[in-house]
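Here the structure is laid out as structure tokens; the discussion comes afterwards.
Where a number appears in this text, it was derived from the coordinates with a stated rule and is not lab data. Keep in mind that what you see is a predicted model, and the values were worked out from it rather than measured. With ideal geometry, Cβ positions are generated from the backbone for all residues, glycine too; neighbour counts draw on all protein chains shown.
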Amino acid sequence: MKIVVLSTNPRLYSTRRLVEAGKQRGHHMLVLNHKRCYMNITSSRPSIHYKGEPVTDVDAIIPRIGASVSFYGTAVVRQFEMMGVYSVNESVAITRSRDKLRALQLLSRKGIGLPVTGFADSPDDTQDLLNFVGGAPVVIKLLEGTQGVGVVLGETRKAAESVIEAFRGLNANFMVQEYIKEAGGSDIRCFVIGGKVVASMKRTGKEGEFRSNLHRGGRAEVIRITPEERSTAVRSARIMGLNVAGVDLLRSNHGPVVMEVNSSPGLEGIEKTTGKDIAALVIRFVENNAKPGRTQSRGTG
């Protein structure tokens, strides 16, 4: 098969591992920088070009779309879909999961456990907003943030009000969530492929840091998840429409709550922590599913 990995940097761990795993299984692997792809949107004959040449005979794509280029990246994925190319995660699902507020609303509608979350536009609503998420401490998140950027802990009501005022002054969209104290600065990353949790790890922030992101100095360890946590992760990925997803959970007093569903989960932390060949599992999923006509959206939605 000819499999294209859409990634802005071929040297990134996740990109390299996917290419290695694909080649080991006998596939022709190609990395394309989706920011450098350009599209010919012609009736009945859509095409994609890269460095002056048309991109042809592609069997499947594995999108690795960063948050900063979601709009253009998903447009490229959508163009491949219109060409009948199978995408591991489709453009609609990527867009749906990347919009944090929309994702939480969809998960909420299906009864997935979530932290109590508030969203408002007017400064007049700040007090009520803080009240219905349980008051300080609260977590305030930029909707456009990723990898822990734009996530602030308001430890007191006054601190929370100051952060909210600052974000509003920047005309930034943000949400306010209850702080799950019992999680102890740890979360669980469940890696879902094809409706199954294939690996999971517990991430704990460094001393004094409530964010558990590994690149911020957090540590990771293998964890045995409960059936409820497994079910929550699988259902969350399905609701988003993602075949490959990283679902981040917190253990709260009222069961697992979902923090985020990531459409381009990194492979480095989960592979090094669990020792599992996650890249090979992704390639195997592509082999089993990249059949002609298997793209559901065909670029619609």
* **Cα-based helix-to-principal-axis angle, 157-169 vs the chain, degrees rounded to 10** => 40
* To do: Give the long-range amide H neighbours of Gly66: residues separated by 5 or more places, or on another chain, with amide H under 5 Å away, using H modelled in the peptide plane at 1.01 Å from N.
  => none
* Please report how far the C-alpha centroid of the range 84-131 lies from that of the range 1-60, rounded to the nearest whole angstrom. => 30
* Enumerate the calculated ³J(HN,Hα) couplings along the range 173-179 in order (Karplus 6.51 cos²θ - 1.76 cosθ + 1.60, θ = phi - 60°), each rounded to whole Hz, writing x wherever the residue is Gly or Pro. => 8, 8, 10, 10, 10, 5, 8
* Relative exposure of Arg78, Arg251, judged by other C-beta atoms within 10 Å (fewest first) -> Arg251, Arg78
* Asked: Roughly how compact is the range 2-89, stated as its Cα Rg over 2.2 N^0.38 Å to two decimals?
  -> 1.03
* Going by alpha carbons, how many degrees (0 to 90, nearest 10) lie between the helix axis of 70-82 and the longest principal axis of the chain? -> 40
* Going by how many other beta carbons lie within 10 Å of each one, how would you line up Ser47, Ser186, fewest first? -> Ser47, Ser186
* Asn173/Arg238 FRET efficiency (R0 35 Å; Cβ-Cβ; nearest 0.05) -> 0.85
* To do: Find, among the GluC sites (Glu not before Pro) in the range 88-158, those assigned to loop by DSSP (not H, G, I, E, B) with at most 14 other beta-carbon atoms within 10 angstrom.
  => Glu155
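Near Ile65, within a Cβ-to-Cβ distance under 12 Å, what is the net charge of the other residues, with Lys and Arg +1 and Asp and Glu -1?
+3
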* Simple spin-label estimate for Ser68 and Lys276 in nanometres, 7 Å along Cα-Cβ -> 3.1
* To do: With a point put 7 Å past each Cα toward its Cβ, work out how far Val222 is from Tyr13 in nm, to one decimal.
  => 1.7
* Likely footprinting exposure, Val69, Val192, fewest C-beta neighbours within 10 Å first -> Val69, Val192
* Structure fact -> Other residues with Cβ under 14 Å from the Cβ of Lys35 give, with Lys and Arg +1 and Asp and Glu -1, a net charge of +3
* Asked: If you line up the long axis of helix 100-109 against the longest principal axis of the chain, both from Cα atoms, how many degrees apart are they, to the nearest 10?
  -> 80
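As a quick test, which of the pairs Lys158/Lys206; Lys202/Lys291; Lys35/Lys196 have an alpha carbon distance above 27 angstrom in this structure? Please list the in-between numbers first.
Working: Lys158/Lys206 25 Å; Lys202/Lys291 35 Å; Lys35/Lys196 31 Å.
Correct reply: Lys202/Lys291; Lys35/Lys196.
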* Asked: Distance in nm between label sites at Glu165 and Lys35, each 7 Å beyond Cα in the beta-carbon direction?
  -> 3.7
